[in-house]
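The values are calculated or read from the model by the stated rules, or taken from the named source; none is laboratory data. The structure presented is a predicted model; accordingly, all values stated were derived computationally and were not measured. Neighbour counts run over all protein chains shown; Cβ positions are idealised from the backbone, glycine included. These accessible areas exclude ligands, DNA and RNA; they are computed on the full protein's heavy atoms, side chains included. Shrake-Rupley method; radii C 1.70, N 1.55, O 1.52, S 1.80 Å.
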Amino acid sequence: QTWSQDGAQQLTVRCPDGRRIEIELRMSRVVLEGRVHSVGIIRDISQQQALTRQLQQERILLRTLIDALPYNIYVKDRLARKTLANKADLRALGAASEAEVLGKTDYDLLPRHVAATCYADDMRVILHGEPVINRQELIVNAAGAHQWLETTKLPLRDEQGHIIGLVGIGRDITAVREAEARLRMLSQAVEQSPASVVITDAQARIEYVNPRFTELTGYTLEEVRGQNPRILKSGKMDPAVYRDLWETLARGQTWRGELLNRKKNGELYWEQAIIAPIKDDQGRVTHYLAMKEDITELRRAREERDRMEIQLRQAQKLEAIGQLAAGI
């Protein structure tokens, strides 16, 4: 048995047919002809109670779903105060419980320079009904933790269509932003590399060459895209070198060696090459990466050194023969 605030008593009773129903009993006293009587009003509230329990279950289910979603979800009133915040939003704010953030604005929860931008967007939605779609914003909470969010804010309206607040949904893109930053850094390193860089697909069709490749060979990316690197062959290399190269790559290993190639203008040049397969998460080769350095002058210097060493050894032999002949 329970009592409502207005004094009505709620009871569960059994009907003659065996059904159990919920009723609301209101008792009052009246005086008739000098005598006090009790008057009871009974109302069947079974359907109302069932609807109430259903709504409660739906609220629990909805809240469970909101808290389980990996997105930051929150609701604010017309003064931009939080009236709901799911678990992901609480983590972003560095709060342990929802009670810590309810009734507070971003100025209470975030550093002032961060809150100012967020609050401006809130007012744009609340006062003018203009949605904010996929706005990327950096959230820094009171503990100093950083999180990049891609946020959408939509006006929340009542039954008459009046704006009573907003609903916000934020997707954590911190990892994406960090990956993009690393990719930009790697891209700049490749673009500015003093080594010639060539990337091909798994069928050895060129997809990318860096500026150093163009500077060295005379071929632009547009000229070589889709071509096989064999366009650089000089025709003067031992075919066994290329067989070893592809056999090494077929084993998923990195090949290192020297190649004599031909530039666009027909000039020959030597390069020290490192060619490696690029694999996906399943270990399948998707691309090949070649990093090459022009060693033409180094080869010439090495050949000149070898020639001089041969001449020196010959001179030493002749000198030894001369000394031997003089001794005889």
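Extension gain Gln227-Glu207, at 0.36 nm per residue separation less the Cα-Cα distance, in nm? Write down the numbers at each step before the final one.
Working: separation 20, 0.36 × 20 = 7.20 nm, distance 0.85 nm.
Once the chain is fully extended between Gln227 and Glu207, it gains 6.4 nm.
Val36: accessible area at probe 1.4 Å, nearest 10 Å²?
My reading of the accessible area for Val36 is about 100 Å².
For the chain, what does the accessible surface come to per residue with a 1.4 Å probe? Please give it in Å².
66
How much of Lys104 can a 1.4 Å solvent probe reach, expressed as accessible area in Å² and rounded to 10?
80
What is the calculated FRET efficiency for Asn265 to Ala175, with r their C-beta to C-beta distance and R₀ = 51 Å, to the nearest 0.05?
Values: r = 46 Å, r/R0 = 0.91.
Result of the calculation: an efficiency of 0.65.
Among all stretches of the chain without exposed GluC sites (Glu not before Pro) (DSSP loop, at most 16 other Cβ atoms within 10 Å), which one is longest?
With a cap of 16 other Cβ atoms within 10 Å, the longest stretch comes to 34-158.
Of all the accessible heavy-atom surface of the chain, with the other protein chains kept in place and a 1.4 Å probe, what percent is carbon and sulfur?
Here it works out to 54 percent.
Please report the relative contact order for the chain, taking Cα pairs under 8 Å with a sequence separation of at least 6, and give it as a percent rounded to a whole number.
Relative contact order here is 8 percent.
Which of Lys236/Lys279; Lys104/Lys153; Lys292/Lys317; Lys233/Lys317 have a Cα-Cα distance over 29 Å?
In this structure, Lys236/Lys279; Lys292/Lys317; Lys233/Lys317 exceed 29 Å between Cα atoms.
In region 33-107, how does Rg compare with the Kirkwood Rh, expressed as the Rg/Rh ratio over alpha carbon atoms? Kindly include the intermediate steps, with their values, before the conclusion.
On the way: Rg = 21.4 Å, Rh = 15.7 Å.
That ratio is 1.36, to two decimals.
Distances longer than 18 Å among the Cα atoms of region 154-282: what percent of all pairs is that?
Looking at region 154-282, the distances longer than 18 Å represent 67 percent of pairs.
Calculate, for Arg184 and Glu309, the FRET efficiency according to 1/(1 + (r/R0)^6) with r their C-beta to C-beta distance and R0 51 Å; round to the nearest 0.05.
Efficiency computed from Cβ-Cβ geometry: 0.60.
Quick one: plug the Kirkwood hydrodynamic radius of region 111-227 (C-alpha pairs) into Stokes-Einstein at 4 °C, 1.567 mPa s, and report D in µm²/s.
Diffusion coefficient, whole number: 71 µm²/s.
Please state the shape class of region 1-77: rounded when a/c is under 1.5, otherwise prolate if a/b exceeds b/c and oblate if not, all from the C-alpha gyration tensor.
Because a/c hits 1.5 or more and a/b fails to exceed b/c, region 1-77 counts as oblate.
Contour minus end-to-end for Arg300 and Thr12, with contour as 0.36 nm per residue of separation and end-to-end as the Cα-Cα distance?
93.3 nm
Provide Rg over Rh for the chain; use the alpha carbon set for both Rg and the Kirkwood Rh (inverse mean inverse pair distance).
Reported Rg/Rh (Cα atoms, Kirkwood Rh): 1.40.
What does the accessible area of Arg313 come to, in Å² to the nearest 10, when a probe of 1.4 Å is used?
My reading of the accessible area for Arg313 is about 120 Å².
So what is the relative contact order for region 208-271, in percent, with contacts set as C-alpha pairs under 8 Å and at least six apart?
In percent, rounded to a whole number, it is 33.
How large is the dipole of the chain about the Cα centre if only Lys and Arg carry +1 and Asp and Glu carry -1, each at its Cβ, rounded to the nearest 20 debye? Could the numbers behind the result be given before it?
Numbers: 48 positive and 46 negative charges, 86 e Å.
Magnitude of the dipole: close to 420 debye.
Quick one: if the Förster radius is 25 Å, what FRET efficiency do Glu100 and Val140 give, using the C-beta to C-beta distance and rounding to 0.05? All intermediate terms of the calculation are to be shown ahead of the outcome.
Working: r = 17 Å, r/R0 = 0.68.
Result of the calculation: an efficiency of 0.90.
Report the normalised scattering of region 287-328 as log10 I(q)/I(0) at q = 0.17 Å⁻¹, calculated by the Debye formula with identical scatterers on the alpha carbons.
So the normalised log intensities are -0.63.
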